[in-house]
Amino acid sequence: MTHMTEQQMTQETTARQEKARPERFDHHSDECNADPVAYYAAYRESCPVGRTSAHGGFVYTTRYADVARIARDDDTFSSSREATGADGVAIVIPSGPGLEQYPIELDPPRSTGYRDLINPLLTPEAVDRLRPMIARHTARAVDAFIELGSADFVRDLTNPVPAAVTLDWLGFPEEDWARLAGPVHDIFAAPAGSERAQRGAQGLAYMERRIRELIRERRESPADDAVSELVAARNADGEPFTEDELVSVIGLLIAGGVDTTTSLTGSTLVHLSRNPDQRQRLIESPDLLERATEEFLRAFAPSQSMARTVRADTEVGGCPVRAGERVLIPWVAANHDPAVFPDPEEIRLDRDASRHLSFGIGSHRCAGAHLARAMFREMMTQVLTRLPDFRVLEDGLVAYPTSGNQRGWDAIPAVFTPGPRSTGTTVSAPPLGVAYDLTVTRAETVADDVLALTMARTDGEDVPAWEPGAHLELRLPSGRLRQYSLCGDPDDRAHYRIAVLRETDGRGGSEEVHALARDGVTFSVRGPRNHFPLVDAPSYLFLAGGIGVTPILAMVRAAARRGVDFRVVYGGRTRASMAFRDELAALAGDRLRLMPQDEAGIPDLKDVLAKEAGPDTAIYCCGPTGMIAAAERACDELGIRSRLHVERFTGDDSLEAAFDPALNTEFEVHLARTGATLRVPADRRLIEVVREAVPGLSYDCEKGYCGACETRVLAGEPEHRDSLLTEEERAEGRTMMICVGRCASSRLVLDL
């Protein structure tokens, strides 16, 4: 390894800062196109907020906090064309050609009615109904080239599948699909003023004509498609939407559906070809694709940046900006801000990247986020299962000519082992988020403060199959989500078993489980999912610490049944605190080494690894953060980090404030636009009750940080439990995140 001297490092920093001067900033420059992440990082280091003269002049920022604030503040930063005084698209810099897109080029409250029109078509439940169609189009695309052993992923997969899904869903006949999709790619990919951009603009005229024709056809003869639903919808005054309004909305749905998923999937395929170890991990652990999807979205944001127009004098990150100025909000820079995402240039499949801004944030957050994820996961699942050894031909890669607004690919040539066309057994991406009920059949204390729960399906059906390393997600009555590893026997299809350590200084989830759990109690669950799969290996070394023994127990049972060599090192505070030690001893015999700290001290993991890990040993570690960090350091020093598999126990709702569910009270909520008045019981979340009255409600994370469900409060005092609103916004009480928030008074009136 070559090490730079202090002088060389200083010179490199100086050179980088000299190049990253505010007046030189241009997100369409060749330098930015070559590596947008590095380009924004250099400006973040040198001048994170600044003013440039490029493209008529604008203010830029590189920080997550600024981007999120601007995107959420519609009163100060406008999305409308009227604010720019120009005819071009208002939400990009420079303003280019394009149909005016409702609702993203309107500000609230004008945009609200159009969001209400779109949202019911794109809820998680609506997208679940589209999954068979998505799988069908994806299988058809792969079938067309799988026997050849080569393909251009852009031409043959990532362009045609999103186009087919989006346009089929809307109701356009197949002969329109390619001609409607082409101009969208041209507009997004081409530099402003280029011949390709002009070709795209000309293609938009055909798109507008076909949209109008289909609207008129569906007014006369409705069909089972989205355009028919849009045509039949009524606005707040009870009137149908005009043809011009529908043209704008449908144009937006085409543009968003056709190109963004194309870009994301292409970038992910290129990355996995360059990183075959990560590709193999996804093949071996298909459940990991769910979490990895958010990391790929963070790393490869299709929409790189958008823009707003300043309504009134203000500041951005300390930089004064004047009314009428344009402000660039680069999602790509926010997604790589180390203040939010440590080591942002590194792609970690198991990173919790759900705070990414690739779908935007605020009133214009992408309504099609659930559909985009579904299309991406289906394409990736079929590639990973049907073309597992694909290799991208680097010399043939062709990126978009400019990535200032949209990053993507014009060509991704690839080769692979030819395979058969699909059959009825083709693997498709499983639907996410399907909840079901489990009833506790046995609750027993298995160690100090550790409660084991055996549960069966309330409906009497078999529990879904699982493999060692899998976990369940429990939704507690308070609304908290908690993940617990399965530690029973995968061969027992009648029951699941989990174990919960009571953490008195935690965020309340384990305390709630311990208070509730008894025979006959029912929990709503999702899963199982597996981000910690047991790979095939000739031998294993299992390192367990405390409650981290739960996934390890299932793995030891599997290793014992396979008859392979394994060793187990299990540590805890005391023997009495170590759950399942007798069960482990029965499985492992003399291959188990118990190391309670009060007897043996803290184990020297480097010494353990040096003695127990052979040249082909797979190492599995689960336990407290300090233990995992020590295992990682030891493996680094021994040069065996690639064989270490870890699972960290971190709740997905780590940003959620800790609230005692026992203090929840019942309250009333009135929905001003729908006229409904509802009671929210103490043991139900506000969003669950509201969804029953507003089926098309916009939501996503359900943890209080994505902003998808942000709702205006017209009366009453909200109790804020999110991590998005500032202290000033909380004090004002103008909006709330209804997925986690409750009521601090007796009644709320919401703008729904």
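The modelled label-to-label distance for the pair Arg526/Arg219, using points 7 Å beyond Cα in the direction of Cβ, is 4.0 nm. Globularity index of segment 303-367 is 1.32 (Cα radius of gyration / 2.2 N^0.38 Å, N = number of residues). Each of Met133, Met306 has some number of other Cβ atoms within 10 Å of its Cβ, and from fewest to most they run Met133, Met306. Here r is the Cβ-Cβ distance between Val446 and Asp277 and R0 is 35 Å; the resulting FRET efficiency, rounded to 0.05, is 0.45.
The alpha-carbon positions of segment 436-529 define a convex hull whose volume is 90 Å³ per residue. Would you please give the FRET efficiency between Arg573 and Asp343, computed as 1/(1 + (r/R0)^6) with r the Cβ-Cβ distance and R0 = 35 Å, to the nearest 0.05? The value I calculate is 0.65. Binning the alpha carbon pair distances of the chain at 10 angstrom intervals from zero yields the distribution 2, 13, 22, 25, 21, 12, 4, 0, 0, expressed in whole percent.
Note on Asp519/Arg140: beta-carbon distance plugged into 1/(1 + (r/R0)^6) with R0 of 45 Å gives a FRET efficiency of 0.35. Look at the dipole of segment 436-529 built from charges on Cβ: of Leu501, Val440, Pro477, the Cα furthest out on the positive end belongs to Pro477. Taking each residue as 0.36 nm, the span from Arg212 to Ala676 lengthens on full extension beyond its C-alpha to C-alpha distance by 163.5 nm.
Which net charge results when you count Lys and Arg as +1 and Asp and Glu as -1 among the other residues whose beta-carbon is under 11 Å from that of Asp565? Residues near Asp565 contribute +1 overall.
Note on Glu637 and Glu394: the model spin-label points, each 7 Å out from Cα along the C-beta direction, lie 3.5 nm apart.
Other residues whose C-beta falls under 12 angstrom from the C-beta of Asp492 contribute a net charge of 0, scoring Lys and Arg +1 and Asp and Glu -1. Taking the Cα centre of the chain as origin and assigning +1 to Lys and Arg Cβ atoms and -1 to Asp and Glu Cβ atoms, the resulting dipole is close to 400 debye.
Shape summary of segment 661-750, radius of gyration then Dmax from alpha carbon positions: 11.8, 32 Å.
Roughly what % antiparallel, to the nearest 5, for the DSSP beta bridges in the chain? If I count the DSSP bridges inside the chain, around 70 percent turn out antiparallel.
Of the residues Arg581, Arg679, Arg497, Arg641, the one with the fewest other Cβ atoms within 10 Å heads the list, and the complete ranking is Arg679, Arg641, Arg581, Arg497.
Based on DSSP H segments of at least four residues, each scored -39500 (n - 2.57), the chain has a per-residue ellipticity at 222 nm of -11500 deg cm²/dmol. Using a Debye calculation, one point per C-alpha and no hydration shell, please list log10 I(q)/I(0) for segment 581-637 at q = 0.13, 0.26, 0.31 Å⁻¹ in order. Each listed q corresponds, in turn, to -0.39, -1.31, -1.32.
Eigen-decomposition of the gyration tensor built on the alpha-carbon atoms of segment 443-487 gives equivalent ellipsoid semi-axes of 18, 15, 13 angstrom, largest listed first.
Bear in mind these aren't lab numbers, they're just calculated from the coordinates by the rules spelled out. Since this is a predicted model, take the numbers as computed values, not measurements. Backbone-built Cβ (ideal geometry, glycine too); neighbour counts: all protein chains shown.
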